[in-house]
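Peer 1: After the structure tokens below, expect a handful of questions from me.
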């Protein structure tokens, strides 16, 4: 999408597009529930294969309207030069570009919050009976999907268009910082459940679309190479590392949930400041580019 739409289009559309993932989270289970006994598991695999084929056709269509209806072919917005084939060029792009490096650190901090919430809730539910535990997880998923769809469809684009990314991108990290501080003062199960719902729904509906908008300000080499390094190597590496950090804090140092929440506040605070920086970079890039396009006077 970052290679198809420009920055202004991204602010209007990425939130709405992100709602598709949550709608898919509804449709997938419904198809499985209603059609498993009718067509069997093999039939479901055929449905899955068909559903995977449809986006291929959509991608071809989007590539076509990119140059016809969207008219996104100007060199200042899209670098259409063929990309190089060097295997480590994505790492090089990441190390030399401050924006990409900032996004990478953003992902590391985001992964840390994921780890705290996942293991924290799992440990919180250790003494809860199995049936109640299942109901809580299911309730969380339902609430997250509903909030994600509604927010992404009706809120994210308006937020990004009106206030820019300097407000949109750090919004969820700032909310999490405040809620984690409250939880550290009063660690209760339902407070943590509410935190989990806010974090996940905010990530799917606001933070992730806003983060993807950042890639509309870089060339294709960065979009398709450095982004892969960030989304796979950085994200998965951070996921594993934070798991060991959490285990060390709880098992070796004896931190309880309140202590972990305090550490979470520190991580979320840094995450928020970084999000403000990245958002301002995007918004300033908009201003500079608009000013450049509007300057038609002879040099």
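The values are calculated or read from the model by the stated rules, or taken from the named source; none is laboratory data. None of these values were measured; they are calculated from a predicted model. Glycine also receives a Cβ, built like all others from the backbone with ideal geometry; neighbour counts cover every protein chain displayed.
Peer 1: Sort out which residues of the range 142-156 are surrounded by fewer than 23 Cβ atoms within 10 Å (Cβ to Cβ), closer than 14 Å to residue 207 by Cβ and touching a helix residue (DSSP H, G or I) at 6+ places or on another chain (Cβ under 6 Å), and write them in order of number.
Peer 2: If the condition is that a residue be surrounded by fewer than 23 Cβ atoms within 10 Å (Cβ to Cβ), closer than 14 Å to residue 207 by Cβ and touching a helix residue (DSSP H, G or I) at 6+ places or on another chain (Cβ under 6 Å), then 144, 147, 151 are the ones that fit.
Peer 1: Pick from 252, 189: which is surrounded by fewer than 16 Cβ atoms within 10 Å (Cβ to Cβ) and over 30 Å from residue 23 (Cβ atoms)?
Peer 2: Only one candidate qualifies: 252.
Peer 1: Cβ contacts < 7 Å: first residue within 23 Å of residue 205 (Cα to Cα), restricted to the range 24-49; second residue assigned to a helix (DSSP H, G or I) and at pLDDT 80 or above, any location; separation 6+ or different chain. Result?
Peer 2: That search, which allows pairs on different chains as well, returns 25/145; 26/145.
Peer 1: Would the range 207-215 turn up any residue that is more than 21 Å from residue 119 (Cβ to Cβ) and more than 17 Å from the chain's Cα centre (by Cα)?
Peer 2: no
Peer 1: Are there any pairs, at least 6 apart or on different chains, whose C-beta atoms fall under 9 Å, with the first in the range 240-259 and within 16 Å of residue 183 (Cβ to Cβ) and the second modelled with pLDDT of 90 or more and loosely packed, with under 11 Cβ neighbours inside 10 Å, and if so, which?
Peer 2: 259/253
For every residue, the table says whether it meets (1) at pLDDT below 90; (2) outside any helix (DSSP H, G or I); (3) over 21 Å from residue 171 (Cα atoms).
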residue: 228; (1), (2), (3): yes, no, yes
residue: 233; (1), (2), (3): no, no, yes
residue: 236; (1), (2), (3): no, no, yes
residue: 271; (1), (2), (3): no, no, no
residue: 285; (1), (2), (3): yes, no, no
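Peer 1: Still on this structure, please answer the following. Quick test for you: out of 35, 106, 91, pick the one residue that is in a helix (DSSP H, G or I), surrounded by 11 or more Cβ atoms within 10 Å (Cβ to Cβ), at pLDDT 75 or above and under 16 Å from the mean Cα position of the chain (by Cα).
Peer 2: One residue alone meets the criteria, 106.
Peer 1: Let me ask something else about it. Take the range 172-186 and flag every residue that is in contact with a helix residue (DSSP H, G or I) (Cβ under 6 Å, 6 or more places away or on another chain) and crowded, with 17+ Cβ neighbours inside 10 Å.
Peer 2: 172, 173, 174, 176, 177, 179, 180, 183, 184
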